[in-house]
Amino acid sequence: MQKSEQDLLAKISAQLNAGQFASAAKTARSGTQKFPRNPAFANFAGLAQAQAGKHRDAAVFFAKAMKLAPRHEEIETNLIQALVFSDQQDKAQELIARCPPRPRNPAGLHYLNAQSLSRAGDQEAALAAASAAKEAGPDNPRAYYLRASILTALGRPGDALVEYRALAMLTPQDPQPLLESANALIRLSRLEEAREVLTAALKLAPDAVQAHAQLGMLSAMLGENEAASGHYRDVLKRAPAHGSAYLQLAKLQEPEANQAMLPQLEAAKAQAGSKSHDYALMCFAQAAICKQAGKAEDEASLLKAANRIEAERRPYDAAAATRQFQTLTGAIAPAAAEAEAPEPIFILGLPRSGTSLLEHVLSASGAVFGCGELPGGDAIAAAAAADGDAADTAKLARGYRAALPEFPSGTSHFIDKLPANYKIIGPLKAVFPNARFLHLQRDPRDVALSMWRAYFAQGGLNFTFDQKAMAHEVNLYRQYMDHWRGAYAESILDVPYTALTSDLETTGKQVAEFCGLSWQPAMAHPEKNAASVRTASAQQVREKVHSRSVGGWKQQEAALKVFLRGLKPALWPELDL
């Protein structure tokens, strides 16, 4: 190798190590032209693109490197990873199948295969591949993490917890398994255990930002606002540009404290990149403070900036959403499973439509356990899409119930309040024939403003960052509900948000009767319900019920013009569009 060739490779390596990914990519591309037969330059170009998050571009360069070095294990691995992370799973699977055995690292291919299968949505096959990776490399923490992640996606947080605890024994000085264990415990509604585990993690690593942030989240879920604020301030002491901590504090604090925080927030924004995720979260935080102060124009400007950044990071696939609607509503319903107890109540509708409030009303009854937003519907949706009337509803019911938290004695009903379950009412009815569906109806314009103001971490809510996408999803929602009402009207109760907030007791009694519950006075005071809340509505449900937000969209009508234009008048005849 010529000295100039070595020098150029060393320069690229230094640029990568310094995080100068754009410069490294440019230098590497130059190297591919100067030294076209050396695969290292194409490989470096791929690494630079991958580090910058451009996995599809990275795959192109890794493929070029592979042509120059067909059986180079490292380049082969890099190409598979790029295909996996750019969601080209068919190509990834084809390449994995062609790979010869790797005696020095037998777990590696199993791990890549599991990643690919998981991202493709085949979680059962992914779990088998991850198990093979763990068996081939029992001392490799990556396989434990991947198995736990897949188990979580399958709605099995208890089994994921087993993996994290085994990992904690394997790596006793690493706080990360404890942090992940806490997340699993929260999903299982074992909140005090989660607090103990997080406290143990802080003993191992007192400056672990994630542990302080999780304690803040846990305290907020339990309504311990002062404690939550303290934990988030601890986060900012250790990570001054932590966007999520600012956003949570903006929600938790009184106006005076938020105004006092503004200079610190402005300084943190100046440090963060103007297109970064943290910057977006800080814009959401500052917008919340402006709303609190009645500065509507400033709020609108900040929300536009925050949502634009997130929309670029997390684009919405309208065509895929339409295909999903056609698949789920066109599938033939399978034979119903046997009805079991406790009976399920599904509270559903658009995000920010009042689902958390209604859950808090019903779970004030000692006979009803509110589970929050459960992930079990994902497996049911996948089976409905893939198998139609051949879906094994009994197996799906067992899998869903196996992931439920332990219920107190005397529980007759449990609640799953995942709003997006409106997409799968038919499949859910087949799996749970005794289910009741409570559909929150709220003016989509008020819902849109509330979604526009909120940050949602869940991948299924990418549409909330783009008003055109939001309108598309809201129109689909209306079509879903029209379809399911035509098939299962006797199992669905429409609950108008205006009625719930203006006359809680009357509406609540109607809901209770529909669900086969006796009305209890405590149900009229959901703000006193001590149950945890894990959603963006955590603060609102602890306030006394009010209807102040009804019609609030009019205050930001100009800021919502793209969404309003996207609503289809034929689907929303009750609105003056």
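Could you work out how much longer the chain between Lys34 and Gln510 gets when fully extended? Use 0.36 nm per residue separation minus the Cα distance between them, nm to one decimal.
163.7 nm
Could you tell me the center-to-center distance, by alpha carbons, between the stretch 297-338 and the stretch 447-512 in angstrom?
Value for the Cα centre distance between the two parts: 13 Å.
Report the extension gain between Glu266 and Gln292 in nm, rounded to one decimal, defined as 0.36 nm multiplied by the number of residues separating them, less their alpha carbon distance.
My answer for the length gained is 7.7 nm.
Say each of Arg313 and Ala52 gets a label point 7 Å from the Cα, pointing the same way as Cα to Cβ; how far apart are those two points in nm?
1.9
As I understand it, the dipole of the chain uses +1 on the Cβ of Lys and Arg and -1 on the Cβ of Asp and Glu, about the Cα centre. Which of Leu357, Ala107, Tyr145 lies farthest toward its positive end?
Result: Ala107.
Using 7 Å Cα-to-Cβ label points, what is the Ser13/Glu192 separation (nm, one decimal)?
So the two model labels end up 5.6 nm from each other.
Hey, can you rank 116-129, 421-434 by average C-beta count inside 10 Å, highest first?
Listed from highest to lowest mean packing, they are 421-434, 116-129.
Given a cut-off of 26 Å, name the pairs among Lys237/Lys269; Lys54/Lys568; Lys429/Lys561; Lys295/Lys561 whose C-alpha atoms lie farther apart than that in the structure shown.
Lys54/Lys568; Lys429/Lys561
Want the number for Phe407 to Arg142: 0.36 nm per residue separation, take away the alpha-carbon distance, what's left?
Full-extension gain reported as 92.1 nm.
Compute the distance in nm between two label points, each set 7 Å from the Cα along the Cα-to-Cβ direction, one at His277 and one at Arg485.
3.8
Report the FRET efficiency, 1/(1 + (r/R0)^6), for Lys237 and Cys99, where r is their Cβ-Cβ distance and R0 is 56 Å, rounded to 0.05.
0.75
Among 315-323, 349-357, what's the highest-first ranking by average C-beta atoms within 10 angstrom per residue?
Ranking, from highest mean packing down: 349-357, 315-323.
May I ask you to sort Thr464, Thr506, Thr77 by Cβ crowding, counting other Cβ atoms within 10 Å and putting the fewest first?
Thr506, Thr77, Thr464
In the neighborhood of Ile380, defined by Cβ-to-Cβ distances under 13 Å, what is the net charge if each Lys or Arg adds +1 and each Asp or Glu adds -1?
+1
For the pair His72 and Ala386, what calculated FRET efficiency results from E = 1/(1 + (r/R0)^6), where r is the Cβ-Cβ distance and R0 = 60 Å, to the nearest 0.05?
Calculated value: 0.95.
Sorted from fewest to most neighbouring beta carbons within 10 Å, what does the list Ser189, Ser23 look like?
Ser23, Ser189
Enumerate the aspartates and glutamates that Lys251 could reach by cross-link, defined here as Cα to Cα under 14 Å, with residues fewer than 8 away along the same chain left out.
Straight-distance partners of Lys251: Glu224, Glu226, Glu543.
Only one of the listed values, [x] 63, 42, 24; [y] 47, 28, 19; [z] 42, 29, 25, was derived from the coordinates as semi-axes √(5λ) of the Cα gyration tensor in Å; which label is it?
[z]
What is the calculated FRET efficiency for Thr199 to Ala457, with r their C-beta to C-beta distance and R₀ = 25 Å, to the nearest 0.05?
The formula returns an efficiency of 0.55 here.
Could you please rank Leu571, Leu16, placing first whichever residue has the fewest other Cβ atoms within 10 Å of its Cβ?
Leu571, Leu16
Could you go through the stretch 404-412 in sequence order and give the Karplus-derived ³J(HN,Hα) for each residue, using 6.51 cos²θ - 1.76 cosθ + 1.60 with θ = phi - 60°, rounded to whole Hz, and x for Gly and Pro?
Listing the rounded values in order: 6, x, 6, 9, x, 4, x, 6, 9 Hz.
Each value in this text was obtained by applying a stated rule to the coordinates, not by laboratory testing. Model, not experiment: these values are computed from the prediction. So basically every Cβ, Gly included, is an ideal-geometry build from the backbone, and we count neighbours across all protein chains shown.
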